[in-house]
Structure formats: structure tokens, C-alpha cells
Amino acid sequence: MIKPNRLSWIDYARGIAIMLVVYRHVFEGIKESGIDVRNYMGLEYANIFFYSFRMPLFFIISGVFVASSLNKRGLKKYIDTRARAILYPYFVWGFLQLTIQMIFTKYTNGHPTPWSYFDLLYQPREIAQFWYLYALFNVSVIYAFSKQVLKLTAIQNLAIGLILFYFSTIVFQKNLKVEFLNDIFHNYIFFAIGDFISFQLLRKENYRFFESGKTVLVLLCPFIAAQAYFLWANVNNTTDKYMYVEYFQPFVFLLIAVIGCAFVVSFTFYLQKKNRFQWLTYLGRHSLYIYVSHVMAFATVRVVLNQFLGIENVFVILISGIFAAITVPLFLYNFAVKNHFRWIFTLEKTEEKGKVKLPQQMAVPSINNKV
């Protein structure tokens, strides 16, 4: 049962987002391993169609709670909490993934060297999915400083975010090497959007509008149209991993991402009202733990199925990989909690003995959504 003081729409949103993240990473892992996916273009199109709003949604939801967190904790404790919940698992699990890839380099898609450990400090994009944790921590800290010390308003931060976002696309187009800084430039705007709309999203008086089935239906048409354009434009203007719209039509991408996030938020409010698909909220509450360990889980399954058993059916590997990517991290986390080494996932303290405090960092990875 969801506690009355939890905003379960947050958990629904995180659950949907982590499912989409897992799908993309498993499918991309299959392609990078050399398995032929040309006869499965429907899976490729789904990979592109649902891409634009996944990570923006994580940043937006994180931004929704920055003001309340700062008011409750203050800047110093806020940064300390973020470091414990985001930066710590970033280094721990990034180190683990690199080490496992080096040991089993014959079977993995990635082939790091001992020097790759230094990538954790300045170029996290080289370490698969872990860039997000580093970017979220840095964006959170910079934004909190601007809000608490510089006294910048949400609107002022939105303006800064727009400038930084446009600059990030120039960096991409010119192939400039600014490493982790470009992840900050690119995603600051979404964190600012979360802070800007937080007042409306957290007002119970507005729930009736957000959770209305009519609102979901009204947003459904622009959602489908926006994602369809994103798919069409990227397929017809191929860049690395279909990044054309995001980096060559930046303001179109912003609109598409915001529409996608708006639809998901409305849909999750509706699910909260109907109290349906509770398993999604469970995934959402554990999204961080899935995020940090899912790549290793599905990579193991892919290697066993493909290289040891000779299975090349994309559907079999995809479904098995998604199942492993979700269930194995959940099992590992619950096993860690029961055996008193939860510290491998987070340094956050528990609120009560025997009860795990929900992490703050995601939406991705997870936000404290209590009010």
C-alpha cells in the first residue's frame, strides 16, 4: 500500500522512465554485440519513438523538489544528501562495471583499460549509462547554489538553462571536447523546468485537472505527433544513435521533450487516481538501484544466450535481457538490505530502524517525494 503522504505519481513516472531506459539499453546492447537487427525495425522505431523524454523527465522530477529540499535541509546538508545518494553509487557501481568489463573483456561490448577509471572523473559518457548520475549531481549542486546563494529565481534559471542548452548543441556539432561539462549544459534547463512548475504540481487543488482522463486524452494527440516527428526526422537524418533532432533542431527537441514529459506526468496522475499498475510504483521507488546495475545484469544474460547457447533471436534476447535487467537489481538490493550491506547502493541513512528511506535523486535515479 502507498502511504498517504507519498506522491505516487512520482513513483509511476520513475517506473515508466526506468522501463524505457532499460528497453533502450538492452536493445542497443544487442546491436553493439553484432547481432543483426535489420529484420526488427519495429523494435528500432520504438527505441527512437520513446527516447526524447526519458532523461528530461528524470531531471524535471528532480527539479520539482529542489526548493522544498533546500528549505528543509539548507544548502550544505542538501549537497551532502545528494553526494550520499547519487555521487557515491556513481563511483561504486561505475568502478564495479569497469572492473567486470576488464575481467571479461572477451565477452563484453565495452573494452576499458585501467586508465578508464579516470573517466569517472571527467568523461563519464565513456562509462555507458553512468553519465546521468554525474550530470544529475552536478546540475543539482550548481542549481541549488544559484538558488540559495545567488538568489536566482526559477525564471532566471530557465533563461540560463536555455542558453546553456543551445551552447551544448554547438559543442556537439563542433565536436568540442568539454567532457562532463556538456552534460551539465544540456540538462540544466530540464532541472529548471521542474523547479518552475513545482508549485503547480504540488498543489492538491490542481490534482483534479492533472488526473483527469480528459487531460490525458487532450495531451495524447500532441504526444503522438511530437514523437512521430522525432522518429521521422531522426530516421531520415541519421546521426550517431539518432541524435539529429536533439542536437541540430534543439528548440524543436525541447518542445518534443516537454510535450512527452507533460503527457507522462498527466498519465501518472491518472494512474495515481485509479490506483492501477502498482508494480510500476515499486519499480519507481527502486529506480536508482535498477539504473546502476541493470547493464551488468542484462549483459550477462546476452552473453550466455548468444555466445554460449548460440541463440540469435532478437526477441528472445530482448525479453530475457529486460527481465534480468529489472529483476536482478531488485533482488540484489533486497538481499543487500536484509544482509546489512545496503551501503553498496547508497550511503543515505534510514529514517526508522527496519525501514528504508527512499532516495532523493531520481526521478533516475530517485526523488524523495514526500510532502
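The values are calculated or read from the model by the stated rules, or taken from the named source; none is laboratory data. Predicted model only: the values in this text are computed from it and were never measured. Note that we place each Cβ from the backbone using ideal geometry, even for glycine, and neighbour counts take in every protein chain shown.
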(message) I'd like to check which helices (runs of 4 or more DSSP H) are fully inside region 8-123 and have at least 1 residues that are among the aliphatic types (A, V, I, L, M) and surrounded by fewer than 16 Cβ atoms within 10 Å (Cβ to Cβ).
(response) 41-49, 75-82, 88-103, 119-122
(message) If I go through region 58-81 residue by residue, how many of them are within 25 Å of residue 258 (Cα to Cα) and of a type in the set (D, E, K, R)?
(response) 0
(message) Any residue that is surrounded by fewer than 16 Cβ atoms within 10 Å (Cβ to Cβ), in contact with a Ser or Thr (Cβ under 9 Å, 6 or more places away or on another chain) and either in a helix (DSSP H, G or I) or not acidic (Asp, Glu) (or both) - is there at least one of those in region 147-161?
(response) yes
(request) Can you confirm whether region 83-96 contains a residue that is modelled with pLDDT of 95 or more, within 19 Å of the chain's Cα centre (by Cα) and under 18 Å from residue 298 (Cβ atoms)? (result) yes
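May I ask you to say which residue of 140, 198, 146 is of a type in the set (Gly, Ala, Ser), over 16 Å from residue 247 (Cα atoms) and touching a Lys or Arg at 6+ places or on another chain (Cβ under 6 Å)? Let's see the steps before the verdict.
Details: 198 fails: touching a Lys or Arg at 6+ places or on another chain (Cβ under 6 Å); 146 fails: touching a Lys or Arg at 6+ places or on another chain (Cβ under 6 Å).
The conditions single out 140.
Which one of 276, 302 is over 30 Å from residue 217 (Cα atoms) and more than 18 Å from the chain's Cα centre (by Cα)? Lay out the reasoning, then the answer.
On the way: 276 fails: over 30 Å from residue 217 (Cα atoms).
Of 276, 302, the one residue that is over 30 Å from residue 217 (Cα atoms) and more than 18 Å from the chain's Cα centre (by Cα) is 302.
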